[in-house]
Amino acid sequence: MGDGLFSSGLSAGEAQALWLSLKTGLVGTAFSLPIGIAIAWVLARSNFRGKIFLDGLVHLPLVLPPVVTGYVLLLLFGHNGAIGHWLEAHTGFSFAFNWKGAALASAIMGFPLMVRAIRLSFEAVDPRLEAAARTLGASATNSFLSVTLPLITPGIIAGSLLGFARAIGEFGATITFVANIPGETQTLPIALYSALQSPDGEINAMRFVLLSLALAAVALIASEVLARGAQTRIRGRI
Amino acid sequence: MSGLSINVQRRIGNFALDVRLLAPRGVTGIIGPSGAGKSMLLQLIAGLQRPDHAHITFDDQVLNDSAKRISLPPERRRIGYVFQDALLFPHLSVAQNLDYGAKRRDASLTVSRDEVIALLGLDALLARRPHHLSGGEAQRVSIGRALLSGPRLLLMDEPLSGLDPRRRAGIMPFIEVLNRRLDLPILYVSHNIDEITRLADRVVVLHQGSVAASGDVAAVLNRPEIQRLILGDSDDTDPAAIIEARVEAHDEAAYVTTLVLGADRISLPLVSDAVGSIVRLRVHARDVAIATERPQGISIQNILEATITEIAPTQKGQVDLTLSLTGAHMLKARITKRAHDALVLAPDRKVWVLIKSVALVSTS
């Protein structure tokens, strides 16, 4: 642990928590992005009976207490969970009490925000642009990839960063699902919580707070720069 | 069969489209009030909507055949589509928009890229993004984009209706040049009689999902019941007559072209059409005045002898006259009820018809 509040250099524990937060956030966001785009597309462009149900399901983690989400994940993906048990028996892959579980929990918590942002950008693209592309010789897939996808890049960036920001702040679902294991599942917020539990942890806790602030600031600036770049690519320089 | 042959049915809710028509080379104008099914018809031809039942062929190639469950996807039809609002790809430059089709289809082009750019005056626009274009520029790019995808048929869905009259007038010559330069059938949808009169070689009138009339532009559009169908019954609508006349001479110094119409001569501001060619004119009833004696000392140059064939009172104190000229030509005039009474007009009476020459606009 660091000697004082502003001592330079991160202690091993701090570096570990920071690295875990970044890793679970990035991996969770990366894996949920394709699914998020697909679901946003379905919600924006199609009409079917179960749409309201799907919409509700996607938004559930936003309105449920995170502890409930974490407990449901534990029931489904834990060692004895319905899916977790099967996965472990057949592939040896497990989400239980490791960083992959933390990534899953943070991805699920960030998912509604990601889908919302991407869905909005789908809705802002005139579907007839794809029709125009088809008459010019593009297949359905090619018209999506060459017209719609580039046009929704700002939405994808915004959605990913929102999801990522939500993911690195994840606490409740993560600690419920994969517990608090230093070096494995102890991300920044959980490390901060642990520091607060120990008698003289206040300086340590404060350092985690500063670390979290720095991370959030970097994420916000990155999102602004990326979104501007994408906007310029789409609309051209003024 | 050469050209496009269509037999298509589709029902959505209370609306049923049932159209059979043939479109050979040249411009087939499709006109009708909004809600007649004009855009739906074009989308069915392009493969952008699914018909309930259809048999559509182009030059012996089957595009749709419900009986054999054939429905070619839009990208394999080689049908260019110009939308009302251009629909350029906003993330691509004008040049990239133009090349979008060519990159995806190695179709032999009937016109080169350079020629399309020159024809449509796109040279200065190539590096720009669509949202830096005016409405008229965007529509020209959209026409160029469709042409460079190697179409065998061009569908134009009210390409000028989003533009103000000045821009509309500016873009019409481009479409006329295209028609003369390219040997492909064009289906041109509009609800504007002037556009159809000027651009179309033949016309199809669509009403409530089916063909109400089709054939020669002047013959079809001069029928009063067809005009009512297109314009509605309102008295505010302005009747007009379409006449076809031959170019007799150009006087470039005076900036006047003289046309032969039956035994009469009429003059109008200089047009570019060659001597001997036929031009189509749409004369609005409000631009035609009546005199019972040949007027002297008057600035109006076009004074023709005519016989009143029909007098139809409209509301608001106005009267619509149908006038027969020499050579079976027909004109409409709208005058006030008071003038009608003062002149004691009656059917079969001989009168003089005055047309302000500036009211004439060349159409082909």
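Some observations on this one:
- Every listed requirement among (1) within 25 Å of B:P33 (Cβ to Cβ); (2) part of a helix (DSSP H, G or I); (3) touching a residue at least 60 places away in the same chain (Cβ under 8 Å) is met by B:I186 save one, (2).
- Segment B:330-345: number of residues that are touching a residue at least 60 places away in the same chain (Cβ under 8 Å) and either in contact with an Asp or Glu (Cβ under 8 Å, 6 or more places away or on another chain) or open to solvent by less than 40 Å² (accessible area, probe 1.4 Å) (or both): 3
- Some residue of segment B:288-296 being among the β-branched types (V, I, T), assigned to a loop (DSSP other than H, G, I, E, B) and more than 30 Å from B:A253 (Cβ to Cβ): yes
- Among residues of segment B:21-37, those that are out of contact with any Lys or Arg (no Cβ under 9 Å at 6 or more places or on another chain), under 20 Å from B:R10 (Cβ atoms) and either part of a strand (DSSP E or B) or open to solvent by 10 Å² or more (accessible area, probe 1.4 Å) (or both), counted: 5
- Residue that is most open to solvent (accessible area, probe 1.4 Å) [pool: residues in segment B:107-128 that are within 14 Å of another protein chain (Cβ to nearest Cβ) and touching a residue at least 40 places away in the same chain (Cβ under 8 Å)]: B:S108
- Qualifying residue in segment B:168-178 (condition: under 27 Å from A:A133 (Cβ atoms), surrounded by fewer than 16 Cβ atoms within 10 Å (Cβ to Cβ), of a type outside the set (S, T, N, Q) and touching a residue at least 60 places away in the same chain (Cβ under 8 Å)): no
- Beta carbons closer than 8 Å, at least 6 apart along the sequence or on distinct chains, pair a first residue in segment B:1-26 that is over 16 Å from B:V205 (Cα atoms) with a second that is open to solvent by 60 Å² or more (accessible area, probe 1.4 Å) and of a type in the set (A, V, I, L, M) for B:M1/B:L22; B:G3/B:L22; B:L4/B:L22; B:S5/B:L22.
- Residues that are within 25 Å of B:L229 (Cα to Cα) and either surrounded by fewer than 22 Cβ atoms within 10 Å (Cβ to Cβ) or without any contact (Cβ under 8 Å) to a residue 12 or more places away in the chain (or both), drawn from segment B:39-51: B:S39, B:M40, B:Q43
- Qualifying residue in segment B:52-75 (condition: within 13 Å of chain A (Cβ to nearest Cβ), more than 22 Å from B:V205 (Cβ to Cβ), touching a residue at least 60 places away in the same chain (Cβ under 8 Å) and assigned to a strand (DSSP E or B)): no
- Inspection of segment A:124-137 identifies at least one residue that is in a loop (DSSP other than H, G, I, E, B), open to solvent by less than 30 Å² (accessible area, probe 1.4 Å), within 14 Å of chain B (Cβ to nearest Cβ) and closer than 23 Å to A:L33 by Cβ.
- Restricting segment B:91-106 to residues that are open to solvent by less than 50 Å² (accessible area, probe 1.4 Å) and facing another protein chain (nearest Cβ under 8 Å), the residue that is modelled with the lowest pLDDT: B:R105
- Residues (assigned to a helix (DSSP H, G or I), in contact with a helix residue (DSSP H, G or I) (Cβ under 9 Å, 6 or more places away or on another chain) and more than 17 Å from A:S46 (Cβ to Cβ)) located in segment A:138-148: A:N142, A:S146, A:V147
- Residue within segment B:129-142 that is open to solvent by 50 Å² or more (accessible area, probe 1.4 Å), away from every other protein chain (no Cβ under 13 Å) and without any contact (Cβ under 8 Å) to a residue 40 or more places away in the chain present: no
Each row is one residue, and each column tells you yes or no for (1) open to solvent by 30 Å² or more (accessible area, probe 1.4 Å); (2) under 24 Å from A:M114 (Cβ atoms); (3) part of a helix (DSSP H, G or I).
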{"site": "A:A158", "(1), (2), (3)": "yes, yes, yes"}
{"site": "A:N180", "(1), (2), (3)": "yes, no, no"}
{"site": "A:Y193", "(1), (2), (3)": "yes, no, yes"}
{"site": "A:A205", "(1), (2), (3)": "no, no, yes"}
{"site": "A:V209", "(1), (2), (3)": "yes, no, yes"}
{"site": "A:A216", "(1), (2), (3)": "yes, yes, yes"}
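- Of the candidates B:L321, B:L345, B:L304, B:L331, the single residue that is touching a helix residue (DSSP H, G or I) at 6+ places or on another chain (Cβ under 9 Å), on the phi < 0 side of the Ramachandran plot, outside any strand (DSSP E or B) and at pLDDT 90 or above is B:L345.
- Test for B:L88: is it touching a residue at least 40 places away in the same chain (Cβ under 8 Å), within 11 Å of chain A (Cβ to nearest Cβ), buried (at least 22 other Cβ atoms within 10 Å of the Cβ) and within 28 Å of the chain's Cα centre (by Cα): yes
- Flag if B:E225 is outside any strand (DSSP E or B) and either among the aliphatic types (A, V, I, L, M) or out of contact with any helix residue (DSSP H, G or I) (no Cβ under 9 Å at 6 or more places or on another chain) (or both): yes
- Meets criteria (without any contact (Cβ under 8 Å) to a residue 60 or more places away in the chain and either surrounded by fewer than 20 Cβ atoms within 10 Å (Cβ to Cβ) or in contact with a helix residue (DSSP H, G or I) (Cβ under 7 Å, 6 or more places away or on another chain) (or both)) for B:A212: no
- Counted residues, segment A:160-175 - those being open to solvent by 40 Å² or more (accessible area, probe 1.4 Å) and either in a helix (DSSP H, G or I) or free of Cβ contacts under 8 Å to residues at least 24 places away in the same chain (or both): 4
- Restricted to segment A:138-155, and to residues there that are among the hydroxyl-bearing types (S, T, Y) and surrounded by 15 or more Cβ atoms within 10 Å (Cβ to Cβ), the residue that is nearest to A:T232 (Cα to Cα) is A:T153.
The values are calculated or read from the model by the stated rules, or taken from the named source; none is laboratory data. Keep in mind that what you see is a predicted model, and the values were worked out from it rather than measured. Backbone-built Cβ (ideal geometry, glycine too); neighbour counts: all protein chains shown. The area values use the complete protein model at the heavy-atom level, side chains included, leaving out ligands, DNA and RNA. Shrake-Rupley method; radii C 1.70, N 1.55, O 1.52, S 1.80 Å.
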